[in-house]
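These notes are about the structure you will find just below.
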Amino acid sequence: MTFPDEVLDCRGQRCPLPVIAAARRLPELPVGSVVRVLADDPAAAVDIPAWCRMRGQEFLGTVTGADGPGYDVRRRH
Amino acid sequence: MTGLTVVGSLSAPIGGIMAIPARYVGFREREERAGVASPAVANRRGTVSASPVYLDAATAAPPHPVTRQALLAALDDGWADPARLYGQARRARQLLDAAREAAAATLGVRADELSFTPSGTAAAHSAVLGGLLGRRRVGRVLVHSAIEHSAVLHAAEKHVAEGGSVGPVPVDRLGRLDLPAWSAAVRAPGVALAALIAASHEVGTVQPVAEAAEACAEVGVPLFVDGAQVVGRVPVPAGWSVLTASAHKWGGPPGVGLLVVRKGTRWESPWPADERESGRTPGVVNLPAVVAAAASLRAAAADAAAEAARLAPLVDRIRARVAADVPDVEVVGDPDRRLPHLVTFSCLYVDGEALLHALDRRGFAVSSGSSCTSSTLRPSHVLEAMGVLSHGNVRVSLHRETTEADVERFLAELPGVVAELRAEAGVTAL
(Lines give C-alpha, C1' and ligand atoms only; values in the text may rest on other atoms or scores of the structure.)
Protein backbone atom coordinates (compact mmCIF):
# COMPACT_ATOMS: atom_id res chain seq x y z
CA MET A 1 0.00 0.00 0.00
CA THR A 2 1.37 3.38 -1.06
CA PHE A 3 0.68 6.43 1.06
CA PRO A 4 0.10 9.39 -1.19
CA ASP A 5 1.97 12.65 -0.68
CA GLU A 6 -1.10 14.51 -1.73
CA VAL A 7 -4.78 13.82 -2.38
CA LEU A 8 -6.68 15.65 -5.10
CA ASP A 9 -10.40 15.57 -4.47
CA CYS A 10 -12.01 15.53 -7.91
CA ARG A 11 -15.22 13.88 -6.83
CA GLY A 12 -18.21 15.30 -8.67
CA GLN A 13 -15.99 16.37 -11.59
CA ARG A 14 -16.47 14.93 -15.03
CA CYS A 15 -13.63 13.82 -17.27
CA PRO A 16 -11.33 15.33 -18.43
CA LEU A 17 -11.27 17.50 -15.26
CA PRO A 18 -9.69 14.89 -12.91
CA VAL A 19 -6.98 14.22 -15.51
CA ILE A 20 -6.36 17.95 -15.90
CA ALA A 21 -6.09 18.30 -12.11
CA ALA A 22 -3.44 15.58 -11.99
CA ALA A 23 -1.59 17.07 -14.96
CA ARG A 24 -1.52 20.49 -13.25
CA ARG A 25 -0.39 19.30 -9.83
CA LEU A 26 2.07 16.48 -10.49
CA PRO A 27 4.85 18.62 -12.07
CA GLU A 28 4.74 20.95 -9.05
CA LEU A 29 5.76 18.11 -6.72
CA PRO A 30 9.24 16.49 -6.48
CA VAL A 31 10.03 13.52 -8.71
CA GLY A 32 8.95 10.37 -6.91
CA SER A 33 5.92 12.00 -5.27
CA VAL A 34 2.63 10.15 -5.31
CA VAL A 35 -0.67 11.90 -5.94
CA ARG A 36 -3.97 10.20 -5.27
CA VAL A 37 -6.80 11.45 -7.48
CA LEU A 38 -10.22 10.84 -5.96
CA ALA A 39 -12.71 10.73 -8.82
CA ASP A 40 -16.15 9.20 -9.12
CA ASP A 41 -16.53 9.75 -12.85
CA PRO A 42 -16.16 6.21 -14.29
CA ALA A 43 -14.09 7.61 -17.18
CA ALA A 44 -11.29 8.44 -14.73
CA ALA A 45 -10.61 4.71 -14.34
CA VAL A 46 -9.69 4.62 -18.02
CA ASP A 47 -8.26 8.07 -18.52
CA ILE A 48 -5.88 8.43 -15.60
CA PRO A 49 -3.89 5.28 -16.49
CA ALA A 50 -4.01 6.31 -20.17
CA TRP A 51 -2.69 9.78 -19.31
CA CYS A 52 0.18 8.20 -17.30
CA ARG A 53 1.09 6.08 -20.32
CA MET A 54 0.97 9.06 -22.71
CA ARG A 55 3.01 11.27 -20.35
CA GLY A 56 5.48 8.64 -19.14
CA GLN A 57 4.30 8.87 -15.55
CA GLU A 58 3.71 5.82 -13.36
CA PHE A 59 0.20 4.58 -12.62
CA LEU A 60 0.40 2.69 -9.34
CA GLY A 61 -3.16 1.42 -9.18
CA THR A 62 -6.65 2.03 -7.94
CA VAL A 63 -7.57 2.12 -4.27
CA THR A 64 -11.15 1.76 -3.18
CA GLY A 65 -11.99 3.39 0.10
CA ALA A 66 -14.84 5.09 1.89
CA ASP A 67 -14.19 8.15 -0.28
CA GLY A 68 -14.81 6.19 -3.48
CA PRO A 69 -12.15 5.17 -5.98
CA GLY A 70 -8.73 6.81 -5.84
CA TYR A 71 -6.09 6.61 -8.56
CA ASP A 72 -2.45 6.74 -7.47
CA VAL A 73 0.07 8.36 -9.79
CA ARG A 74 3.83 8.67 -9.18
CA ARG A 75 5.87 11.42 -10.80
CA ARG A 76 8.69 9.79 -12.71
CA HIS A 77 10.33 12.74 -14.41
CA MET B 1 -43.38 -13.05 -62.83
CA THR B 2 -40.69 -15.31 -61.44
CA GLY B 3 -38.67 -14.42 -58.40
CA LEU B 4 -35.57 -14.17 -60.53
CA THR B 5 -37.10 -11.51 -62.77
CA VAL B 6 -38.02 -9.43 -59.76
CA VAL B 7 -34.48 -9.85 -58.41
CA GLY B 8 -33.23 -8.39 -61.65
CA SER B 9 -35.54 -5.43 -61.33
CA LEU B 10 -34.29 -4.60 -57.85
CA SER B 11 -31.21 -2.93 -59.23
CA ALA B 12 -33.43 -0.62 -61.28
CA PRO B 13 -36.31 1.54 -60.11
CA ILE B 14 -39.46 -0.53 -59.85
CA GLY B 15 -42.07 2.20 -60.18
CA GLY B 16 -42.37 5.39 -62.22
CA ILE B 17 -39.06 7.13 -61.74
CA MET B 18 -40.25 10.46 -63.16
CA ALA B 19 -42.77 10.82 -60.37
CA ILE B 20 -40.21 10.21 -57.61
CA PRO B 21 -38.07 13.34 -57.66
CA ALA B 22 -41.13 15.57 -58.06
CA ARG B 23 -42.85 14.00 -55.08
CA TYR B 24 -39.71 14.18 -53.03
CA VAL B 25 -39.18 17.85 -53.85
CA GLY B 26 -42.82 18.60 -53.09
CA PHE B 27 -42.41 17.04 -49.67
CA ARG B 28 -39.29 19.06 -48.99
CA GLU B 29 -41.07 22.29 -49.93
CA ARG B 30 -43.99 21.56 -47.65
CA GLU B 31 -41.56 20.75 -44.87
CA GLU B 32 -39.79 24.08 -45.29
CA ARG B 33 -43.02 26.06 -45.36
CA ALA B 34 -43.99 24.33 -42.12
CA GLY B 35 -40.76 25.59 -40.58
CA VAL B 36 -38.96 22.24 -40.41
CA ALA B 37 -35.33 23.15 -40.82
CA SER B 38 -33.39 20.95 -43.19
CA PRO B 39 -29.58 21.05 -42.83
CA ALA B 40 -29.36 23.26 -45.90
CA VAL B 41 -31.85 25.73 -44.42
CA ALA B 42 -30.01 25.89 -41.13
CA ASN B 43 -26.92 26.56 -43.19
CA ARG B 44 -28.49 29.45 -45.06
CA ARG B 45 -29.52 30.97 -41.77
CA GLY B 46 -25.87 31.56 -41.13
CA THR B 47 -25.08 29.24 -38.22
CA VAL B 48 -22.63 27.20 -40.26
CA SER B 49 -19.79 28.54 -42.37
CA ALA B 50 -19.89 26.01 -45.20
CA SER B 51 -21.93 23.08 -46.48
CA PRO B 52 -22.34 20.28 -43.94
CA VAL B 53 -19.88 17.39 -44.02
CA TYR B 54 -21.42 14.19 -42.72
CA LEU B 55 -18.76 11.87 -41.26
CA ASP B 56 -20.81 9.42 -39.21
CA ALA B 57 -21.51 6.59 -41.65
CA ALA B 58 -20.81 4.01 -38.93
CA THR B 59 -23.98 5.23 -37.20
CA ALA B 60 -26.05 5.61 -40.36
CA ALA B 61 -24.73 6.00 -43.90
CA PRO B 62 -26.58 8.46 -46.13
CA PRO B 63 -29.06 6.52 -48.28
CA HIS B 64 -27.67 5.05 -51.47
CA PRO B 65 -29.55 6.43 -54.53
CA VAL B 66 -30.89 2.91 -55.09
CA THR B 67 -32.42 3.01 -51.61
CA ARG B 68 -34.60 5.99 -52.39
CA GLN B 69 -35.64 4.64 -55.78
CA ALA B 70 -36.48 1.16 -54.50
CA LEU B 71 -38.21 2.45 -51.37
CA LEU B 72 -40.54 4.79 -53.21
CA ALA B 73 -41.28 2.26 -55.91
CA ALA B 74 -41.97 -0.49 -53.39
CA LEU B 75 -44.35 1.78 -51.49
CA ASP B 76 -46.61 1.57 -54.53
CA ASP B 77 -46.24 -2.17 -55.07
CA GLY B 78 -45.39 -3.61 -51.68
CA TRP B 79 -47.87 -2.29 -49.15
CA ALA B 80 -50.07 -5.38 -48.87
CA ASP B 81 -49.49 -8.19 -46.35
CA PRO B 82 -47.39 -10.85 -48.12
CA ALA B 83 -49.11 -13.61 -46.13
CA ARG B 84 -52.58 -13.10 -47.65
CA LEU B 85 -54.16 -14.82 -50.64
CA TYR B 86 -55.07 -12.17 -53.16
CA GLY B 87 -53.35 -10.34 -55.98
CA GLN B 88 -51.90 -7.44 -54.01
CA ALA B 89 -50.55 -9.86 -51.40
CA ARG B 90 -49.00 -12.09 -54.05
CA ARG B 91 -47.25 -9.06 -55.51
CA ALA B 92 -45.96 -8.20 -52.05
CA ARG B 93 -44.84 -11.80 -51.54
CA GLN B 94 -42.94 -11.73 -54.83
CA LEU B 95 -41.16 -8.57 -53.75
CA LEU B 96 -40.31 -10.06 -50.36
CA ASP B 97 -39.05 -13.29 -51.92
CA ALA B 98 -37.01 -11.33 -54.45
CA ALA B 99 -35.52 -9.15 -51.73
CA ARG B 100 -34.58 -12.23 -49.74
CA GLU B 101 -33.03 -13.92 -52.79
CA ALA B 102 -31.07 -10.79 -53.62
CA ALA B 103 -29.76 -10.26 -50.08
CA ALA B 104 -28.91 -13.95 -49.70
CA ALA B 105 -27.10 -14.03 -53.04
CA THR B 106 -25.07 -10.97 -52.06
CA LEU B 107 -24.03 -12.62 -48.80
CA GLY B 108 -23.50 -16.04 -50.42
CA VAL B 109 -26.07 -17.80 -48.24
CA ARG B 110 -29.32 -19.67 -48.90
CA ALA B 111 -32.47 -17.56 -49.03
CA ASP B 112 -34.18 -19.68 -46.38
CA GLU B 113 -31.30 -18.96 -43.99
CA LEU B 114 -31.96 -15.21 -44.08
CA SER B 115 -34.65 -13.28 -42.19
CA PHE B 116 -35.40 -9.57 -42.19
CA THR B 117 -35.75 -8.02 -38.73
CA PRO B 118 -37.02 -4.60 -37.60
CA SER B 119 -33.43 -3.41 -36.92
CA GLY B 120 -29.83 -4.51 -36.58
CA THR B 121 -30.35 -4.40 -32.81
CA ALA B 122 -33.34 -6.76 -33.02
CA ALA B 123 -31.24 -9.08 -35.21
CA ALA B 124 -28.38 -9.07 -32.68
CA HIS B 125 -30.78 -9.73 -29.80
CA SER B 126 -32.30 -12.64 -31.73
CA ALA B 127 -28.89 -14.02 -32.62
CA VAL B 128 -27.68 -14.03 -29.01
CA LEU B 129 -30.83 -15.11 -27.21
CA GLY B 130 -31.86 -17.61 -29.90
CA GLY B 131 -28.38 -19.10 -30.07
CA LEU B 132 -28.33 -19.55 -26.30
CA LEU B 133 -31.86 -20.98 -26.23
CA GLY B 134 -31.11 -23.49 -28.98
CA ARG B 135 -28.23 -24.97 -26.95
CA ARG B 136 -29.55 -24.58 -23.42
CA ARG B 137 -29.16 -28.32 -22.85
CA VAL B 138 -25.42 -28.01 -23.52
CA GLY B 139 -24.97 -25.13 -21.10
CA ARG B 140 -25.75 -21.51 -20.34
CA VAL B 141 -22.46 -19.75 -20.96
CA LEU B 142 -22.11 -17.01 -23.56
CA VAL B 143 -18.53 -16.21 -24.59
CA HIS B 144 -18.11 -12.78 -26.19
CA SER B 145 -15.37 -10.28 -26.88
CA ALA B 146 -15.14 -7.28 -24.57
CA ILE B 147 -15.78 -4.98 -27.53
CA GLU B 148 -19.14 -6.24 -28.79
CA HIS B 149 -21.84 -3.76 -29.77
CA SER B 150 -24.11 -2.70 -26.90
CA ALA B 151 -26.99 -4.63 -28.56
CA VAL B 152 -25.05 -7.85 -27.97
CA LEU B 153 -24.02 -6.82 -24.45
CA HIS B 154 -27.60 -5.90 -23.53
CA ALA B 155 -28.81 -9.31 -24.72
CA ALA B 156 -25.99 -10.82 -22.62
CA GLU B 157 -27.18 -8.85 -19.57
CA LYS B 158 -30.67 -10.26 -20.04
CA HIS B 159 -29.19 -13.74 -20.23
CA VAL B 160 -27.32 -13.16 -16.96
CA ALA B 161 -30.42 -11.71 -15.29
CA GLU B 162 -32.18 -14.96 -16.18
CA GLY B 163 -29.51 -17.10 -14.55
CA GLY B 164 -27.08 -17.55 -17.43
CA SER B 165 -23.44 -16.54 -17.37
CA VAL B 166 -21.01 -14.77 -19.67
CA GLY B 167 -17.31 -14.94 -20.37
CA PRO B 168 -15.97 -11.69 -21.80
CA VAL B 169 -12.67 -12.08 -23.68
CA PRO B 170 -10.21 -9.16 -23.56
CA VAL B 171 -8.61 -7.23 -26.42
CA ASP B 172 -5.19 -5.61 -26.63
CA ARG B 173 -4.31 -1.91 -26.84
CA LEU B 174 -5.11 -1.92 -30.57
CA GLY B 175 -8.50 -3.53 -30.01
CA ARG B 176 -7.50 -7.00 -31.28
CA LEU B 177 -9.12 -10.06 -29.75
CA ASP B 178 -6.90 -12.08 -27.40
CA LEU B 179 -7.05 -15.31 -29.41
CA PRO B 180 -5.49 -17.67 -26.83
CA ALA B 181 -7.94 -16.35 -24.21
CA TRP B 182 -10.79 -16.79 -26.70
CA SER B 183 -9.78 -20.38 -27.48
CA ALA B 184 -9.58 -21.20 -23.79
CA ALA B 185 -12.96 -19.55 -23.12
CA VAL B 186 -14.84 -21.47 -25.82
CA ARG B 187 -13.29 -24.74 -24.61
CA ALA B 188 -14.69 -24.33 -21.10
CA PRO B 189 -17.61 -26.56 -20.17
CA GLY B 190 -21.16 -25.33 -20.73
CA VAL B 191 -20.49 -22.85 -23.55
CA ALA B 192 -23.67 -22.52 -25.61
CA LEU B 193 -22.65 -19.70 -27.95
CA ALA B 194 -19.73 -17.43 -28.80
CA ALA B 195 -20.19 -13.89 -30.15
CA LEU B 196 -17.59 -11.86 -32.02
CA ILE B 197 -17.96 -8.54 -33.81
CA ALA B 198 -16.39 -8.78 -37.29
CA ALA B 199 -14.73 -5.38 -36.89
CA SER B 200 -15.01 -2.85 -34.11
CA HIS B 201 -17.73 -0.31 -34.76
CA GLU B 202 -15.90 2.16 -32.53
CA VAL B 203 -12.24 1.90 -33.52
CA GLY B 204 -12.34 -0.06 -36.80
CA THR B 205 -10.03 -2.90 -35.78
CA VAL B 206 -10.80 -6.01 -37.84
CA GLN B 207 -11.12 -9.10 -35.67
CA PRO B 208 -9.54 -12.50 -36.41
CA VAL B 209 -12.90 -14.06 -37.24
CA ALA B 210 -11.52 -17.02 -39.21
CA GLU B 211 -9.17 -18.02 -36.37
CA ALA B 212 -11.87 -17.49 -33.74
CA ALA B 213 -14.29 -19.56 -35.83
CA GLU B 214 -11.72 -22.35 -36.06
CA ALA B 215 -11.38 -22.43 -32.28
CA CYS B 216 -15.17 -22.63 -31.99
CA ALA B 217 -15.46 -25.36 -34.63
CA GLU B 218 -12.90 -27.53 -32.81
CA VAL B 219 -15.22 -27.73 -29.82
CA GLY B 220 -18.56 -27.55 -31.64
CA VAL B 221 -19.55 -24.12 -30.32
CA PRO B 222 -21.59 -22.04 -32.80
CA LEU B 223 -20.19 -18.60 -33.58
CA PHE B 224 -22.36 -15.51 -33.96
CA VAL B 225 -20.67 -12.75 -35.97
CA ASP B 226 -22.02 -9.20 -35.77
CA GLY B 227 -21.36 -7.97 -39.30
CA ALA B 228 -22.93 -4.52 -38.97
CA GLN B 229 -19.77 -2.66 -40.01
CA VAL B 230 -18.58 -5.08 -42.68
CA VAL B 231 -21.65 -6.23 -44.64
CA GLY B 232 -21.80 -4.20 -47.85
CA ARG B 233 -18.24 -2.92 -47.32
CA VAL B 234 -15.76 -5.77 -46.99
CA PRO B 235 -16.09 -9.55 -47.42
CA VAL B 236 -17.45 -11.42 -44.39
CA PRO B 237 -15.01 -14.14 -43.28
CA ALA B 238 -16.32 -17.72 -43.32
CA GLY B 239 -16.90 -19.98 -40.36
CA TRP B 240 -19.84 -18.33 -38.61
CA SER B 241 -23.15 -20.00 -37.74
CA VAL B 242 -25.20 -16.86 -37.18
CA LEU B 243 -24.62 -13.48 -38.84
CA THR B 244 -26.40 -10.16 -38.38
CA ALA B 245 -26.27 -6.83 -40.18
CA SER B 246 -28.05 -3.50 -40.29
CA ALA B 247 -29.25 -1.84 -43.50
CA HIS B 248 -28.64 1.79 -42.58
CA LYS B 249 -24.93 1.04 -42.09
CA TRP B 250 -24.51 0.25 -45.82
CA GLY B 251 -26.75 3.06 -47.11
CA GLY B 252 -30.02 1.17 -46.88
CA PRO B 253 -33.02 2.51 -45.00
CA PRO B 254 -33.19 2.57 -41.19
CA GLY B 255 -35.33 -0.09 -39.57
CA VAL B 256 -34.13 -3.20 -41.41
CA GLY B 257 -31.79 -5.79 -39.95
CA LEU B 258 -30.57 -9.10 -41.35
CA LEU B 259 -30.47 -12.29 -39.33
CA VAL B 260 -28.79 -15.25 -41.04
CA VAL B 261 -28.88 -18.65 -39.35
CA ARG B 262 -26.90 -21.31 -41.20
CA LYS B 263 -28.52 -24.69 -41.84
CA GLY B 264 -27.80 -27.11 -39.05
CA THR B 265 -27.31 -24.43 -36.40
CA ARG B 266 -29.15 -25.10 -33.15
CA TRP B 267 -31.07 -21.86 -32.87
CA GLU B 268 -34.50 -21.34 -31.37
CA SER B 269 -36.54 -18.16 -31.53
CA PRO B 270 -36.54 -16.38 -28.16
CA TRP B 271 -39.75 -14.52 -29.09
CA PRO B 272 -43.43 -15.51 -28.84
CA ALA B 273 -44.52 -17.72 -31.74
CA ASP B 274 -45.12 -16.02 -35.09
CA GLU B 275 -45.13 -17.55 -38.55
CA ARG B 276 -43.38 -14.63 -40.27
CA GLU B 277 -39.78 -14.84 -41.46
CA SER B 278 -39.54 -18.61 -40.87
CA GLY B 279 -40.59 -18.01 -37.27
CA ARG B 280 -37.30 -16.23 -36.51
CA THR B 281 -38.62 -12.72 -35.88
CA PRO B 282 -42.20 -11.74 -35.12
CA GLY B 283 -44.37 -9.22 -36.93
CA VAL B 284 -44.97 -8.16 -40.50
CA VAL B 285 -41.85 -6.79 -42.20
CA ASN B 286 -41.61 -3.21 -43.45
CA LEU B 287 -41.62 -4.47 -47.01
CA PRO B 288 -40.77 -1.24 -48.88
CA ALA B 289 -37.78 -0.78 -46.57
CA VAL B 290 -36.80 -4.44 -46.94
CA VAL B 291 -36.86 -4.12 -50.75
CA ALA B 292 -34.76 -0.96 -50.50
CA ALA B 293 -32.35 -2.71 -48.11
CA ALA B 294 -31.84 -5.65 -50.46
CA ALA B 295 -31.44 -3.46 -53.55
CA SER B 296 -28.97 -1.12 -51.83
CA LEU B 297 -27.01 -4.02 -50.34
CA ARG B 298 -26.44 -5.39 -53.80
CA ALA B 299 -25.44 -1.97 -55.11
CA ALA B 300 -23.13 -1.33 -52.14
CA ALA B 301 -21.53 -4.77 -52.39
CA ALA B 302 -20.93 -4.31 -56.12
CA ASP B 303 -18.98 -1.09 -55.42
CA ALA B 304 -17.48 -2.23 -52.12
CA ALA B 305 -13.97 -3.10 -53.32
CA ALA B 306 -13.62 0.15 -55.27
CA GLU B 307 -15.04 2.18 -52.38
CA ALA B 308 -12.70 0.50 -49.89
CA ALA B 309 -9.76 1.29 -52.18
CA ARG B 310 -10.88 4.92 -52.36
CA LEU B 311 -11.67 5.41 -48.64
CA ALA B 312 -8.79 3.49 -47.03
CA PRO B 313 -6.15 6.03 -48.17
CA LEU B 314 -8.38 8.86 -46.89
CA VAL B 315 -8.49 7.14 -43.50
CA ASP B 316 -4.70 6.73 -43.67
CA ARG B 317 -4.44 10.44 -44.34
CA ILE B 318 -6.67 11.25 -41.35
CA ARG B 319 -4.63 8.94 -39.10
CA ALA B 320 -1.35 10.54 -40.15
CA ARG B 321 -2.44 14.17 -40.27
CA VAL B 322 -4.41 14.14 -37.00
CA ALA B 323 -1.39 12.65 -35.24
CA ALA B 324 0.93 15.22 -36.85
CA ASP B 325 -1.21 18.37 -36.63
CA VAL B 326 -3.04 17.99 -33.32
CA PRO B 327 -0.76 17.96 -30.26
CA ASP B 328 -1.41 15.36 -27.55
CA VAL B 329 -3.72 13.18 -29.57
CA GLU B 330 -4.00 9.41 -29.49
CA VAL B 331 -5.12 7.80 -32.75
CA VAL B 332 -6.55 4.47 -31.68
CA GLY B 333 -7.25 1.11 -33.31
CA ASP B 334 -5.12 -1.17 -35.45
CA PRO B 335 -3.32 0.91 -38.10
CA ASP B 336 -3.21 -1.99 -40.57
CA ARG B 337 -5.92 -4.57 -39.97
CA ARG B 338 -8.80 -2.13 -39.90
CA LEU B 339 -11.99 -1.11 -41.64
CA PRO B 340 -11.49 1.04 -44.75
CA HIS B 341 -13.89 3.78 -43.68
CA LEU B 342 -13.51 4.37 -39.96
CA VAL B 343 -10.97 6.11 -37.72
CA THR B 344 -11.03 7.11 -34.06
CA PHE B 345 -8.83 9.42 -32.01
CA SER B 346 -8.83 11.02 -28.57
CA CYS B 347 -7.65 14.53 -27.73
CA LEU B 348 -6.05 14.92 -24.33
CA TYR B 349 -7.71 17.40 -21.90
CA VAL B 350 -10.63 18.05 -24.27
CA ASP B 351 -14.26 17.48 -23.34
CA GLY B 352 -15.77 15.12 -25.92
CA GLU B 353 -19.19 16.74 -25.87
CA ALA B 354 -17.72 20.23 -26.32
CA LEU B 355 -15.62 18.91 -29.21
CA LEU B 356 -18.68 17.40 -30.94
CA HIS B 357 -20.62 20.65 -30.56
CA ALA B 358 -17.70 22.74 -31.81
CA LEU B 359 -17.33 20.50 -34.86
CA ASP B 360 -21.09 20.54 -35.43
CA ARG B 361 -21.05 24.35 -35.45
CA ARG B 362 -18.56 24.11 -38.31
CA GLY B 363 -20.78 21.65 -40.14
CA PHE B 364 -18.98 18.39 -39.25
CA ALA B 365 -21.11 15.46 -38.09
CA VAL B 366 -19.04 12.95 -36.13
CA SER B 367 -19.66 10.75 -33.10
CA SER B 368 -17.80 10.05 -29.86
CA GLY B 369 -17.18 7.33 -27.32
CA SER B 370 -16.56 9.82 -24.51
CA SER B 371 -18.69 9.39 -21.40
CA CYS B 372 -20.09 12.92 -21.54
CA THR B 373 -21.65 12.16 -24.92
CA SER B 374 -23.41 8.98 -23.78
CA SER B 375 -26.81 8.80 -22.14
CA THR B 376 -25.36 6.62 -19.38
CA LEU B 377 -22.40 8.98 -18.75
CA ARG B 378 -20.07 6.00 -18.95
CA PRO B 379 -17.09 5.92 -21.28
CA SER B 380 -17.20 3.61 -24.26
CA HIS B 381 -16.67 0.02 -23.10
CA VAL B 382 -14.56 -0.47 -26.23
CA LEU B 383 -12.08 2.29 -25.36
CA GLU B 384 -12.13 1.03 -21.77
CA ALA B 385 -11.34 -2.54 -22.84
CA MET B 386 -8.44 -1.25 -24.96
CA GLY B 387 -7.13 0.93 -22.14
CA VAL B 388 -6.97 4.04 -24.31
CA LEU B 389 -7.92 7.61 -23.55
CA SER B 390 -11.70 7.98 -23.57
CA HIS B 391 -12.19 11.72 -23.22
CA GLY B 392 -11.99 14.07 -26.19
CA ASN B 393 -12.87 11.10 -28.38
CA VAL B 394 -13.97 11.46 -32.00
CA ARG B 395 -15.01 8.76 -34.43
CA VAL B 396 -14.92 9.71 -38.10
CA SER B 397 -16.56 7.33 -40.58
CA LEU B 398 -16.64 7.86 -44.32
CA HIS B 399 -19.14 6.80 -46.98
CA ARG B 400 -19.69 6.82 -50.74
CA GLU B 401 -20.47 10.55 -50.82
CA THR B 402 -17.38 11.54 -48.81
CA THR B 403 -14.93 13.46 -50.99
CA GLU B 404 -11.25 14.16 -50.58
CA ALA B 405 -12.22 17.84 -50.21
CA ASP B 406 -14.49 16.95 -47.24
CA VAL B 407 -11.60 15.17 -45.53
CA GLU B 408 -9.20 18.02 -46.29
CA ARG B 409 -11.60 20.58 -44.85
CA PHE B 410 -12.00 18.48 -41.69
CA LEU B 411 -8.23 18.13 -41.35
CA ALA B 412 -7.75 21.84 -41.92
CA GLU B 413 -10.27 22.89 -39.27
CA LEU B 414 -9.76 20.24 -36.58
CA PRO B 415 -6.44 21.50 -35.12
CA GLY B 416 -7.90 24.99 -34.61
CA VAL B 417 -11.06 23.61 -33.01
CA VAL B 418 -9.05 21.52 -30.54
CA ALA B 419 -6.64 24.40 -29.80
CA GLU B 420 -9.56 26.75 -29.12
CA LEU B 421 -11.18 24.33 -26.68
CA ARG B 422 -7.87 23.79 -24.89
CA ALA B 423 -7.30 27.54 -24.66
CA GLU B 424 -10.80 28.04 -23.22
CA ALA B 425 -10.12 25.36 -20.61
CA GLY B 426 -6.66 26.76 -19.85
CA VAL B 427 -4.87 23.48 -20.49
CA THR B 428 -2.52 24.46 -23.32
CA ALA B 429 0.71 24.20 -21.32
CA LEU B 430 0.00 20.92 -19.54
What's the longest piece of chain B with no exposed GluC sites (Glu not before Pro), counting a site as exposed if DSSP puts it in a loop and it has at most 10 other beta carbons within 10 Å?
B:1-161
If amide H atoms are built 1.01 Å from N in the plane of the peptide, which residues on other chains or at least 5 residues away come under 5 Å of the amide H of B:Ala199?
B:Gln207, B:Gln229
Estimated FRET transfer efficiency (A:Phe59, B:Thr376; beta-carbon r; R0 22 Å; 0.05)
0.35
Average beta-carbon neighbours from other chains, 10 Å sphere, peptide A:52-63:
1
Counting only residues 5 or more places away or on other chains, whose amide H sits under 5 Å from the amide H of B:Gly167 once H atoms are built in the peptide plane?
B:Leu142, B:Val143, B:His144
Each label sits 7 Å from Cα toward the beta-carbon; between B:Glu211 and B:Ala50 the label points are separated, in nm, by 4.2 nm
Length gain on complete extension for the stretch B:Val284 to B:Arg136, per 0.36 nm per residue less the alpha carbon to alpha carbon distance?
50.5 nm
Taking the alpha carbon gyration tensor of the protein assembly as shown, what are the square roots of 5 times its eigenvalues, largest first, to the nearest whole Å?
43, 30, 18
Accessible area of the protein assembly as shown with a 1.4 Å probe: how many percent of it is carbon plus sulfur?
56 percent
Of all beta bridges DSSP finds with both residues in segment A:6-75, what is the antiparallel percent, to the nearest 5?
75 percent
If each of B:Arg317 and A:Arg11 carries a label point 7 Å out from its Cα toward its Cβ, how far apart are those two points in nm?
5.0 nm
Whenever you get a sec, line up B:Arg280, B:Arg187 from highest to lowest accessible area (probe 1.4 Å, protein heavy atoms).
B:Arg187, B:Arg280
What are the semi-axes of the equivalent ellipsoid of segment A:6-75, taken as the square roots of 5 times the eigenvalues of the Cα gyration tensor, listed largest first and rounded to whole Å?
17, 12, 11
Among beta bridges assigned by DSSP with both residues in the protein assembly as shown, the antiparallel ones amount in percent, to the nearest 5, to 60 percent
Expected vector for segment B:259-276, Karplus 3J(HN,Hα) from phi with 6.51, -1.76, 1.60 and θ = phi - 60°, integer Hz, x for Gly and Pro, equals 10, 10, 10, 5, 3, x, 7, 7, 9, 9, 4, x, 9, x, 4, 7, 7, 5
Estimated distance in nm for a label pair at B:Asp178 and B:Ala423, the labels positioned 7 Å out from Cα along Cα-to-Cβ
4.4 nm
Accessible area in square angstrom per residue, the protein assembly as shown, 1.4 angstrom probe
42 Å²
Convert each backbone phi in segment B:377-392 into a coupling constant with the Karplus relation 6.51 cos²θ - 1.76 cosθ + 1.60 (shift: θ = phi - 60°), then list the ³J(HN,Hα) values in order as whole Hz, x for Gly and Pro.
6, 10, x, 3, 5, 6, 4, 4, 5, 7, x, 10, 3, 9, 7, x
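The values are calculated or read from the model by the stated rules, or taken from the named source; none is laboratory data. Model, not experiment: these values are computed from the prediction. Quick reminder, even Gly has a Cβ in these numbers, built from the backbone with ideal geometry, and neighbours come from all protein chains shown. Quick note on the areas: whole protein, heavy atoms, side chains included, nothing else; ligands and nucleic acids left out. Shrake-Rupley method; radii C 1.70, N 1.55, O 1.52, S 1.80 Å.
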